[in-house]
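Let me begin by presenting the structure, written as structure tokens, before commenting on it.
Values in this text are rule-based calculations from the coordinates and carry no lab data. Bear in mind that the values here come from a model prediction, so they are computed numbers and not experimental data. With ideal geometry, Cβ positions are generated from the backbone for all residues, glycine too; neighbour counts draw on all protein chains shown.
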Amino acid sequence: MDQASYRNLIDSIPFGKRLPTAHYVHRHVASSEFPPALSELLAAAEKRFEVSDDFNVVKLKLNELKLSYLAYPEFFTVAHPELRKVVTIDLVRGRARHVDYSANRNAPILHRKEAFLPPDHEYAARFHALTAAEEQAGLYANPRSIGFRLNWECILREKGLEIDGHTLRERPGPRPSGPAEARVTIHRHKTAIHRTELSKPLKCAIEVGLLRTNDTVFDYGCGLGTDVAGLTALGHIAIGWDPGHFPNAEKRPP
Ligand SMILES: C[S@@+](CC[C@H](N)C(=O)[O-])C[C@H]1O[C@@H](n2cnc3c(N)ncnc32)[C@H](O)[C@@H]1O
């Protein structure tokens, strides 16, 4: 199947959540409404890559011959269920990639669940009512920050709200005061990893000729300093500063 035919099949699914690069549908609720050629394609992929029934949401890429199966075990029972596992299938290469999020403390979560269902599904109205209440409460004002469990819970607390079942309501007790950052300790230095080679951005900068021999580098947020050491070894004058790892280094031009 070519890209255009695949895209036509996706466009003819009568429900689902459309984002700029992919179309999402619940896998089990209305597969009889999928175009037959798409059902056949999915069935073949599921058989070949042994995609179990736990994978209940299908993500169909719009501009690539790829699809992913996502496992949200609590799709119907929890207001914003967590993503536990993903299997991404490349239909051209015939390969599958598995990612397991089950140990992730800040797992990706779902919103607007009604969008994954046909409009007449028995749960659609309940999910839609929750989405409408959340929108009304201004919880979607910054959509980029709501997609992960801890961020979402923080936003709810900030607004003095909580979710009971699929109902948004006022949280009992006093509202927290002061900005969230003042109450939550964020261990930013922990994002620095041990490297055995230069970081990707620097490799790219060297490859495309952006960083030439004798150029100087100040690495602001240098982590454990591996890039500084690597660049020095390559003949650059490189120094760095990091609030967690090199807080006493001088912030000055190299
Ligand atoms: C993902 S690590 C990258 C470290 C290093 N550049 C590397 O590639 O290995 C991000 C680093 O930014 C540092 N950092 C956090 N907040 C910062 C800030 N406001 N200004 C500068 N660096 C910061 C952290 O301490 C951490 O070491």
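Can you tell which of Glu114, Glu122 is closer than 20 Å to Ile13 by Cα and touching a Phe, Trp or Tyr at 6+ places or on another chain (Cβ under 7 Å)?
Exactly one of Glu114, Glu122 is closer than 20 Å to Ile13 by Cα and touching a Phe, Trp or Tyr at 6+ places or on another chain (Cβ under 7 Å), namely Glu114.
Counting only residues that are in a loop (DSSP other than H, G, I, E, B) and of a type in the set (A, V, I, L, M), which one in segment 187-235 is nearest to the ligand (Cβ to nearest atom)?
Ala192
Out of (1) surrounded by 10 or more Cβ atoms within 10 Å (Cβ to Cβ); (2) within 15 Å of the ligand (Cβ to nearest atom), what's the single condition that is false for Pro247?
(1) is the only condition that Pro247 fails.
Considering only residues that are touching a Phe, Trp or Tyr at 6+ places or on another chain (Cβ under 8 Å) and surrounded by fewer than 19 Cβ atoms within 10 Å (Cβ to Cβ), which ones fall in segment 213-244?
Correct list: Phe218, Tyr220, Gly221.
Consider only pairs whose beta carbons are under 7 Å apart and that are at least six residues apart or on different chains; among these, list those whose first residue lies in segment 206-226 and is farther than 21 Å from Ala192 by Cβ and hydroxyl-bearing (Ser, Thr, Tyr) and whose second residue is in a strand (DSSP E or B) and away from the ligand (no atom under 11 Å from the Cβ).
Hits for this filter: Thr216/Ile237.
Restricting to segment 125-176, give me the number of residues that are of a type in the set (Asp, Glu), under 24 Å from the mean Cα position of the chain (by Cα) and within 15 Å of Val78 (Cβ to Cβ).
Matching residues across segment 125-176 total 3.
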